[in-house]
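Engineer: Before I ask anything, let me first share the structure, which is written out below as structure tokens.
The values are calculated or read from the model by the stated rules, or taken from the named source; none is laboratory data. These figures come from a predicted structure and were not determined experimentally. Here Cβ is always computed from backbone atoms with ideal geometry, including for glycine, and neighbour counts include all displayed protein chains. Note: areas computed on protein heavy atoms with side chains; ligands, DNA, RNA excluded. Shrake-Rupley method; radii C 1.70, N 1.55, O 1.52, S 1.80 Å.
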Amino acid sequence: MANPAEPLTMAGAFVEDAEAQARFLARRRYLAWRRRLLPVAAVILFLLLWWQAVEQFDIKPFIAPSPVAVAQVLSDRFGILMSNLLPTAIEAVLGFLLGNFAAVSLATAFVWRKTMEEALFPIAVMVNTIPVVAKAPILVLLLGNGMEPKIAIAAIICFFPTLVNMTRGLRDVRSEQLELMRVLSATPTEVFMRIRVPNALPYLFSALKIAASTAVIGAIVGEWIGSTKGIGALIIQSTYNFDSPLLYATIVVGSTFSALFFGVISITERYVLRWNVTQQN
């Protein structure tokens, strides 16, 4: 004989599950909005403190302009700022692509041939230890005063973090996975494409997010050496002219582009690594 209480029990369980699901979704929405709003609130607070400090302590404009003066320059000289941002953006993006392509290719070679890593990795470390301001004049002498040395500097800065992360990602594979592929008589190429590459992608995107910011820094530093156009050149010109509002506005434009570049890589990471549990959580 059926127990009449069982339908009621099952209905109660469904109600509890629905309530728990609703609480879970509400919590996720709250956390998502908090992640969006907290940075905005922090930026607004920083600008208010900056503005109050300039007003209260009567700081001279050529030392530290107020946010209002910087915003005025951003509006009045927007065309000049964008025309100087364009070459810097081209140099940063091309350097990013070139440096990371070279790093991924060399990391792949390191995994296939251990002797190549033993021979070339110390050279990569040595090149990475040279300060950027020391590399820039050398590359200008070698490549001329066009965009080529700036692209090369951005590429060199991006190269080493990606090389280290990609090599580790390709190598840091569980022995059980490799044993399973051997049991299945997989070829080295199949092991590489099905095991090593998916395992290396989270490492790669971690490096790419770092490289997205450092590529912009490399392009700007490269423009400090004998360049007449670009964010770096505009920073030098406004510094020598004691035009602090323009200097700060130029820094804001360069930082905004760097943040947008970082955001593009982060969005791409979420799309590519949807299979990764850590990314979903």
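Engineer: When the Kirkwood hydrodynamic radius is evaluated over all pairs of different C-alpha atoms of the range 81-159, what value in angstrom, to one decimal, is obtained?
Structural biologist: It is 13.7 Å.
Engineer: Using a 1.4 Å probe on the protein heavy atoms only, what accessible surface does W50 show? Give it in Å² to the nearest 10.
Structural biologist: So the heavy atoms of W50 present about 50 Å² to solvent.
Engineer: Please work out how much length the chain gains when fully extended from L178 to N145, using 0.36 nm per residue of separation minus the C-alpha to C-alpha distance, in nm with one decimal.
Structural biologist: Here the answer is 6.9 nm.
Engineer: Could you order L31, L234, L25 by accessible surface area, starting with the largest, using a probe radius of 1.4 Å?
Structural biologist: The most accessible residue leads, giving L25, L31, L234.
Engineer: Okay, moving on. At 0.36 nm per residue, and after removing the present C-alpha to C-alpha distance, how many nm does the segment from A22 to A64 gain when stretched out fully?
Structural biologist: Full extension of this stretch gives 10.1 nm more.
Engineer: Using the Kyte-Doolittle scale, which helices in the chain average at least 0.0 and also have C-alpha atoms spread 18 Å or more along the helix axis, with helices defined as whole DSSP H runs?
Structural biologist: 5-56, 78-112, 114-129, 148-171, 197-223, 244-272
Engineer: Figure the gain on full extension for A71 and F121 (residue separation times 0.36 nm, minus the Cα-Cα span) and round it to one decimal in nm.
Structural biologist: 13.4 nm is the gain from fully extending A71 to F121.
Engineer: Could you sort I156, I138 by their accessible area in this structure, using a 1.4 Å probe and putting the largest first?
Structural biologist: Accessible-area ranking of I156, I138, largest first: I138, I156.
Engineer: How many percent of the accessible area of the range 146-274 is carbon or sulfur, using a 1.4 Å probe?
Structural biologist: The C+S portion of the solvent-accessible surface of the range 146-274 is 66 percent.
Engineer: Compute the signed sum of charges (Lys and Arg +1, Asp and Glu -1) over the other residues within less than 15 Å, Cβ to Cβ, of V125.
Structural biologist: Result for the local shell: 0.
Engineer: Ordered by packing density, taken as the mean number of other Cβ atoms within 10 Å over each peptide's residues, highest first, how do 124-137, 165-178, 84-97, 209-222 rank?
Structural biologist: 209-222, 84-97, 165-178, 124-137
Engineer: Using a 10 Å cut-off on Cβ atoms, rank the peptides 194-201, 108-115, 36-43 from the highest mean neighbour count down.
Structural biologist: 194-201, 108-115, 36-43
Engineer: Report the Rg/Rh value for the chain, based on alpha-carbon coordinates and the Kirkwood definition of Rh.
Structural biologist: 1.14
Engineer: Per residue, how much accessible surface does the chain expose to a 1.4 Å probe? Answer in Å², no decimals.
Structural biologist: 62
Engineer: When the Debye formula is applied to the Cα atoms of the range 49-197, each taken as the same point scatterer, what base-10 log of I(q)/I(0) results at q = 0.12, 0.21 Å⁻¹?
Structural biologist: -0.75, -1.20
Engineer: Would you calculate the separation in nanometres between label points at R171 and E190, each defined as 7 Å from the Cα along the Cα-to-beta-carbon direction?
Structural biologist: 2.6
Engineer: Same structure, new question: Starting at 0 and stepping by 10 Å, how many percent of the alpha carbon pairs of the range 141-232 end up in each bin?
Structural biologist: 16, 31, 21, 16, 11, 4, 0
Engineer: What number comes out for the charge environment of L234, summing +1 per Lys or Arg and -1 per Asp or Glu over other residues with Cβ under 11 Å away?
Structural biologist: 0
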